[in-house]
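Beneath this line is the structure, given in structure tokens, with notes to follow.
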Amino acid sequence: MTKGAWFRAKRHGNLRNSIALLAVICVILSIMVTSLAFSRPWRPALLPDKGENFSCSTCHINPAGGGTRNKFGQDFERIGIPAGDKYTDELAKLDSDGDGFTNQEEFDAEPVTRPGDANSHPEEKSKSVKPKGKLITTWGRIKARH
Ligand SMILES: [Ca+2]
């Protein structure tokens, strides 16, 4: 091998190593930026329970957050995020997971249940409403209309 060929080979090898190192650095940076861009640890605090019960899994399948959203998370994405990252009245009135309880009823339940999981719901739907100290049953509402 001539001296010139040796230098070209060495320079080519160094260039290949530099490109590989640069590629590794780019991958690491993109992973860091992506995780920062998609991680929203402050978002559960916007919910009525302040995220104290289920944290990220209130909206996400993965308990650590990110990735696929459950039904409530999908509704929050559709309604809450465009409203400026807010738990809106519309979200409160929805029954995201279709278990027969509104999202607000799930947050108000004792213990709090998951608004995005149909298998998690309050024990029993209240059959009566007691506004301002007056007990009004479902039958009472029906009679009042006629
Ligand atoms: Ca539920």
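The values are calculated or read from the model by the stated rules, or taken from the named source; none is laboratory data. Since this is a predicted model, take the numbers as computed values, not measurements. Quick reminder, even Gly has a Cβ in these numbers, built from the backbone with ideal geometry, and neighbours come from all protein chains shown.
Overview of values
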| item | result |
| --- | --- |
| Some residue of the range 55-65 being part of a loop (DSSP other than H, G, I, E, B), surrounded by 17 or more Cβ atoms within 10 Å (Cβ to Cβ) and within 11 Å of the chain's Cα centre (by Cα) | yes |
| Per-region count, the range 66-104, residues surrounded by 15 or more Cβ atoms within 10 Å (Cβ to Cβ), farther than 18 Å from Ser55 by Cα and within 14 Å of the ligand (Cβ to nearest atom) | 5 |
| Pairs with Cβ under 9 Å, 6+ apart, first in the range 113-124 and of a type in the set (A, V, I, L, M, F, W, C), second buried (at least 16 other Cβ atoms within 10 Å of the Cβ) | Ala118/Lys71; Ala118/Asp97; Ala118/Asp99 |
| Count of residues meeting criterion [assigned to a loop (DSSP other than H, G, I, E, B) and modelled with pLDDT of 80 or more] in the range 1-24 | 0 |
| Qualifying residues in the range 72-100 (those that are farther than 22 Å from Trp42 by Cβ and either of a type in the set (A, V, I, L, M) or not in a loop (DSSP other than H, G, I, E, B) (or both)) - the one farthest from the chain's Cα centre (by Cα) | Lys93 |
| Among (1) more than 14 Å from the ligand (Cβ to nearest atom); (2) aliphatic (A, V, I, L, M); (3) surrounded by 19 or more Cβ atoms within 10 Å (Cβ to Cβ) - the single one Ile25 does not satisfy | (3) |
